[in-house]
1. Kindly check whether there is at least one residue in the stretch 205-219 that is in a loop (DSSP other than H, G, I, E, B), of a type outside the set (D, E) and more than 16 Å from the ligand (Cβ to nearest atom).
2. Kindly provide the set of residues from the stretch 220-236 that are within 14 Å of A250 (Cβ to Cβ) and either among the hydrophobic types (A, V, I, L, M, F, W, C) or within 16 Å of the ligand (Cβ to nearest atom) (or both), ordered by number.
3. Which of the numbered conditions does G197 fail, given that it passes all the others? Conditions: (1) of a type in the set (G, A, S); (2) more than 18 Å from W270 (Cα to Cα); (3) away from the ligand (no atom under 16 Å from the Cβ).
4. For V251, state whether it is assigned to a helix (DSSP H, G or I) and free of Cβ contacts under 8 Å to residues at least 12 places away in the same chain.
5. Would you pick out the residues in the stretch 254-271 that are part of a helix (DSSP H, G or I) and either within 17 Å of R198 (Cα to Cα) or away from the ligand (no atom under 16 Å from the Cβ) (or both)?
6. For the stretch 241-253, state whether one or more residues are away from the ligand (no atom under 16 Å from the Cβ) and under 30 Å from R136 (Cα atoms).
7. Within the stretch 238-275, restricting attention to residues that are among the polar types (S, T, N, Q) and more than 36 Å from the chain's Cα centre (by Cα), which residue is farthest from M188 (Cα to Cα)?
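The values are calculated or read from the model by the stated rules, or taken from the named source; none is laboratory data. Model, not experiment: these values are computed from the prediction. Positions of Cβ are backbone-derived with ideal geometry, glycine not excepted, and every protein chain shown enters the neighbour counts.
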Amino acid sequence: MNATVASSSPDTYHPAFNSEGDVVLVTSDSIRFRITSPVLRTASGFFRTMFDSAHPDPGTPLGEPSVISVDEDAHTMTVLLKVASGMRVDFFKTLPNIEDMERVMFAGEKYDMPAVMEAMELMMYTPTAKSRPLHRYALASRYGWSDICADAAIDTLDLEIDFHDVPAMDLEHFNRLLRLRSRRVAAMSAALNDKNGRFKGGNRGTCAPDGTHTLAQPTAWEVMKRYILYEMTIRPSGSSIDFADPCCVAVATAVCPKCPAATRPYLFAWEVTRRNIERILASLPKDLV
Ligand SMILES: [Zn+2]
C-alpha cells in the first residue's frame, strides 16, 4: 500500500480528470488525475480509510488540492477512476489482454473497489480472457470466482503445462488443477485396463473368448493403451489422441497369426472400441476437488 504525498511537478492532467476536485492522484508515469474526495471515499475502502485518518498536510496551501502519488500507471488508474466516477469505460478496447485486466484487478483489490472487481469478474467471460485458461484460472482462484475457476480448469486440460511458465497462484489452487489432471488419467487407465469392462476382449490377451490362442505380448491393444495414457498425461482433455496413429491402426487391423489364414478374424472390433474410448473420455472427471 504505497500512496504517499508527493511534491508538485509539471502538470500533465488526464483529459477526463483535469478540472474539479480536492485531490490530485499522480501515477507512476507522471499523469495527474484531479478528482473529488467524496467520489474516492464512496468507491474505495482504501481512500475512505486514508481520508478518515489523514491530518491536514501543512505543505498544502489552503484551497489547493492534496497531491497523492500512486504506484499504478495512468492506463490502470483511468479504468479505476472512470468506474469510480460512473463514466463510460470501453473495457474491450482499454483492456485488450489478460495482463491489462490483471493490473486493474490488483489495483481494484488494493484500493478496495468492489465495482471495479465486479466489472473485472465479468471481463473473465470474454474471449480474450478465455483464450488464456491457465492465467484465467489463476486470477479466478485468487479472487474466489468459483464458476470461472471451474470453467477455466476444464479449458486447461487441453494445455500442456510448462512448469517454468505457470502464472502466480496459490499452491492449493495449482494442486487442485494437477489433481484433476491425474484423476482423469487414473480413471482412463482403470477403464482401459478393466478386465471385466468394455475392453475385456482386448485385455484377455487371447484371440477368442474361449482362449484358443494366447497372443504375443505386448499386443497391439496393450501398445495402444500406453499411447492413449501418454497423450492423456500431456493433455488430459484427450484431444491429442489420434485414432489415425499407427498404433491405433495396428489395433484396427490386428488378426491372430495362429488362426487359419482363411478364417482369421479381426482381433478387436475397431468401431466399437473407438466409440467406447470416446465415451469414456466424455465421462472423465471435470470437477475440481
Ligand atoms: Zn487365434
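1. As a first pass, look at the stretch 205-219 and keep what is in a loop (DSSP other than H, G, I, E, B): 205, 207-213, 215-219.
With the extra rule that they be of a type outside the set (D, E), the set shrinks to 205, 207-209, 211-213, 215-219.
Now restrict to residues that are more than 16 Å from the ligand (Cβ to nearest atom): 218.
Yes: the stretch 205-219 contains one or more residues that are in a loop (DSSP other than H, G, I, E, B), of a type outside the set (D, E) and more than 16 Å from the ligand (Cβ to nearest atom).
2. A220, W221, V223, M224, I228
3. For G197, the failing item is (2).
4. On the way: assigned to a helix (DSSP H, G or I): yes; free of Cβ contacts under 8 Å to residues at least 12 places away in the same chain: no.
Taking the combined requirement at face value, the residue does not satisfy it.
5. W270, E271
6. Yes, some residue in the stretch 241-253 is away from the ligand (no atom under 16 Å from the Cβ) and under 30 Å from R136 (Cα atoms).
7. T263
Rundown of residues vs (1) surrounded by fewer than 17 Cβ atoms within 10 Å (Cβ to Cβ); (2) assigned to a loop (DSSP other than H, G, I, E, B); (3) touching a strand residue (DSSP E or B) at 6+ places or on another chain (Cβ under 7 Å); (4) in the same structural domain as F268 (by TED's automatic domain parsing), yes/no style:
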residue	(1), (2), (3), (4)
D147	yes, no, no, no
D151	no, no, no, no
D155	yes, no, no, no
R184	no, no, no, yes
N196	yes, yes, no, yes
